[in-house]
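Below: the structure, in structure tokens.
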Amino acid sequence: MKYFIQILFISLGYSTFSASNLKINSIKNQNDSVSIFRHFDKIKSLVQIWNTSINEKKLSTLNNLYADTVQYYVKKISPQACIKSKETWLTSNPNYKQKVQDLLIYYKEDVSNIITVEFEKIYTDKSTKTVTALLEFKLVNNSWKLFKETDIQSEVASVKKITPYSLQNKKYKFTREYWMDTRNTGLAHDMVPYKFYLDFKINKIITGTFSRYSGMLRSWMDYTITKGSIQNGILELNLNYQGTAPQKMRFKIINEKSIMCIDGDDELLGKILSH
């Protein structure tokens with residue numbers, strides 16, 4: 001993947017953390033000894049099934065993979081319609097192949113019955129291209145079902161089309177938090193939390209900070225907002241970190257409670273921060 005995600009490590013007293021016995025909070029009828037990693041490993045196997053089914057053009061395998069409704073890029077459709085769309089595409093593009101690379105698996109603690117898989121999808125037809133793809137799985141009756149299939153570029157393009165929305169003059173704190181499987185990195189504990197804070201006040205000018213913490217590196221990075229503006233539903237911020245070259249980030253304002261990064265930070269691109 002083109003970037004290495006920054007992580008927020010929060011634990012009582014900043015002590016050593018191991019997630020080997022961490023449970024997904026919203027799994028109600030599971031034995032307490034069930035490890036979160038059992039679910040992560042199951043998701044990995046489902047991604048492999050998804051990828052193999054497409055490459056081998058055995059799409060009937062996907063019937064048991066999808067949820068009752070699938071957000072397929074910008075549309076919500078039935079699993080049958082989703083599979084039909086793939087069949088049509090593969091018939092028109094018989095040489096199509098794809099490869100899954102740099103898999104990241106994570107879940108948000110407040111909606112922990114959903115696991116997100118983010119990866120580089122390298123696909124070949126007449127030429128080879130790469131996109132950052134997203135698959136989201138939801139636990140339904142103790143079975144993981146694929147309910148969202150898209151990519152970062154499509155997420156950004158879709159949200160840019162939303163009717164422009166502005167923010168009132170007051171304080172805001174937008175955050176994004178999740179836990180990620182890091183067993184294969186060799187650099188951290190089994191799983192670490194990531195957190196991003198965008199804390200600012202709108203008055204005559206926009207002032208505040210943007211903070212991120214790396215659980216692998218265990219170090220904060222606090223950026224000062226040196227300049228900000230809102231135009232046509234876009235929050236644009238100039239950020240400075242300890243005198244380094246200024247960084248510019250742009251967020252699409254979805255509503256009073258949600259914004260999406262649409263430019264300026266590969267780690268947050270296409271991701272929603274909530275207030």
Checklist entry - residue 208 versus (1) assigned by TED's automatic domain parsing to the domain that holds residue 240; (2) small (Gly, Ala, Ser); (3) touching a residue at least 12 places away in the same chain (Cβ under 8 Å); (4) surrounded by fewer than 17 Cβ atoms within 10 Å (Cβ to Cβ): which is the lone unmet condition? => result (4)
Checklist entry - Do we find that residue 119 is over 30 Å from residue 96 (Cβ atoms) and at pLDDT 90 or above in this structure? => result no
Next on the checklist: With the structure loaded, tell me whether residue 194 is over 30 Å from residue 64 (Cα atoms) and either assigned to a loop (DSSP other than H, G, I, E, B) or touching a Pro at 6+ places or on another chain (Cβ under 8 Å) (or both) or whether it fails that test.
Outcome noted: no
Next on the checklist: One residue is enough: does region 232-245 have a residue meeting the conditions in a strand (DSSP E or B) and surrounded by fewer than 14 Cβ atoms within 10 Å (Cβ to Cβ)?
Outcome noted: no
Checklist entry - Looking at 163, 185, 150, which one is touching a residue at least 24 places away in the same chain (Cβ under 8 Å), crowded, with 17+ Cβ neighbours inside 10 Å, more than 20 Å from residue 247 (Cβ to Cβ) and polar (S, T, N, Q)? => result 150
Checklist entry - Considering region 55-86 alone, what residues qualify as being part of a strand (DSSP E or B) and of a type in the set (Gly, Ala, Ser)? => result 67
Next on the checklist: If the requirement is being surrounded by fewer than 19 Cβ atoms within 10 Å (Cβ to Cβ), of a type in the set (A, V, I, L, M) and in a strand (DSSP E or B), which of these qualifies: 221, 180?
Outcome noted: 221
Checklist entry - Only one residue in 102, 68 is under 24 Å from the mean Cα position of the chain (by Cα), over 21 Å from residue 154 (Cβ atoms) and of a type in the set (Asp, Glu), so which one is that? => result 68
Checklist entry - Say we look at region 254-274 and pick out the residues that are in a loop (DSSP other than H, G, I, E, B) and surrounded by 14 or more Cβ atoms within 10 Å (Cβ to Cβ); which of these is farthest from the chain's Cα centre (by Cα)? => result 264
Checklist entry - Somewhere in region 108-115, is a residue crowded, with 18+ Cβ neighbours inside 10 Å, modelled with pLDDT under 95 and assigned to a helix (DSSP H, G or I)? => result no
Item to check | Which numbered condition residue 185 misses (of (1) among the polar types (S, T, N, Q); (2) more than 22 Å from residue 231 (Cβ to Cβ); (3) assigned to a strand (DSSP E or B)) | outcome: (3)
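The values are calculated or read from the model by the stated rules, or taken from the named source; none is laboratory data. None of the values given here were measured: they were computed from a predicted structure. Positions of Cβ are backbone-derived with ideal geometry, glycine not excepted, and every protein chain shown enters the neighbour counts.
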